[in-house]
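Notes for the one structure printed next.
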Amino acid sequence: MSGGLILAMVLAIGIGLSLGLLGGGGTILAVPLLTYVADFPPKEAIAASMFIIGVTAAVSVVAHARRGNVQWRTGFIFGAAAMAGAFGGGLLGAQLPGVVLMVAFGTMMVATALAMIMDRRVTQTGEGRKKLPLGKILAEGLVVGLVTGMVGAGGGFLVVPALVLLGGLSMPAAVATSLLIISMKSFTGLAGYLTSVDIDWAPVLMITAITVVGALIGSSLGRHVPEKALKKAFGYLVLAMGVVVFLQELPLAYGLGAGVVVVGLLTTLLVRRRRAQLAS
């Protein structure tokens, strides 16, 4: 067993902890962990991350279901559309160059991190029982599935706002239901990749088991950790990892340029938010 794989197994518990604590987000680190630490080829890393994400989300949703937070009808409708999109995204991603996929993934990491740092929240207008506007929710599911299926991200940061805004779910219900959707479409995206990508299952199964343990621990700790502070800290970590992806995959000048743009964008958003707070 290589040193990189051992380190990846140690770090995998952090992915599970983040998922258990936040109901999502931690899995976005799975691809860079598998690529840069465990030394998986990019396409194999993306495919393997979908298996890790799918299993971990499926285990995590059980705890939420026991509390009655999972909206099964909403989840299966959105999830069915996301599964179709994820399979198409997996087929498309398997045909694209690895560097294109990793740069796309880095871009998604930056977008995710900025949303977490800025603590973007949606207005809770429903109690999780409203009927779905089927056309919009199906279209949203297809798009979310296609994008996340191609780059291997769980997509909870896209699914949760869609469930609240389009489906009328409360935040607890949206977080719980998103885990169901993430599990469904992750396995479908994996199926798309497996048409042309082979996975070394032994290390993937070991990393998955550790991630699940981390998620269970995170779920039990969640009530004792301030969510806002944790979300921002994790956001900065994801932002840093996104910049690392750019530096690894792009020529040095372009990678540094992308890093400068990311820092400038973050600074601008923070300054604007501060001004808005002072004005109010």
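A few remarks follow.
- Boolean, G255 is surrounded by 13 or more Cβ atoms within 10 Å (Cβ to Cβ), over 21 Å from the mean Cα position of the chain (by Cα) and not acidic (D, E): yes
- Of the helices (runs of 4 or more DSSP H) lying entirely inside region 164-280, those containing at least 2 residues that are without any contact (Cβ under 8 Å) to a residue 40 or more places away in the chain are 201-221, 227-249, 252-279.
- Test: residue in region 187-199 that is under 17 Å from the mean Cα position of the chain (by Cα), surrounded by fewer than 21 Cβ atoms within 10 Å (Cβ to Cβ) and under 23 Å from L91 (Cα atoms): yes
- Test: residue in region 44-63 that is closer than 26 Å to A209 by Cα, in contact with an Asp or Glu (Cβ under 9 Å, 6 or more places away or on another chain), surrounded by fewer than 24 Cβ atoms within 10 Å (Cβ to Cβ) and of a type outside the set (A, V, I, L, M, F, W, C): yes
- Some residue of region 82-96 being closer than 20 Å to F40 by Cβ, touching an Asp or Glu at 6+ places or on another chain (Cβ under 9 Å) and buried (at least 18 other Cβ atoms within 10 Å of the Cβ): no
- Being farther than 28 Å from V197 by Cα and part of a helix (DSSP H, G or I) holds for only one residue in A80, A65, A57, and it is A65.
- Of the residues screened, R66 is one that is at pLDDT 80 or above, out of contact with any helix residue (DSSP H, G or I) (no Cβ under 7 Å at 6 or more places or on another chain) and of a type in the set (K, R).
- Only a single item in (1) modelled with pLDDT of 80 or more; (2) out of contact with any Asp or Glu (no Cβ under 8 Å at 6 or more places or on another chain); (3) among the hydrophobic types (A, V, I, L, M, F, W, C); (4) not in a helix (DSSP H, G or I) is not met by L132, and it is number (1).
- First in region 82-103 and within 30 Å of L134 (Cβ to Cβ), second anywhere and among the basic types (K, R), Cβ under 6 Å, 6 or more apart: A82/K185; M83/K185; A86/K185
- Failed item, numbered, when G167 is tested on (1) in contact with a Leu (Cβ under 8 Å, 6 or more places away or on another chain); (2) modelled with pLDDT of 75 or more: (2)
The values are calculated or read from the model by the stated rules, or taken from the named source; none is laboratory data. Bear in mind that the values here come from a model prediction, so they are computed numbers and not experimental data. We place every Cβ from the backbone using ideal geometry, glycine too, and count neighbours over all the protein chains shown.
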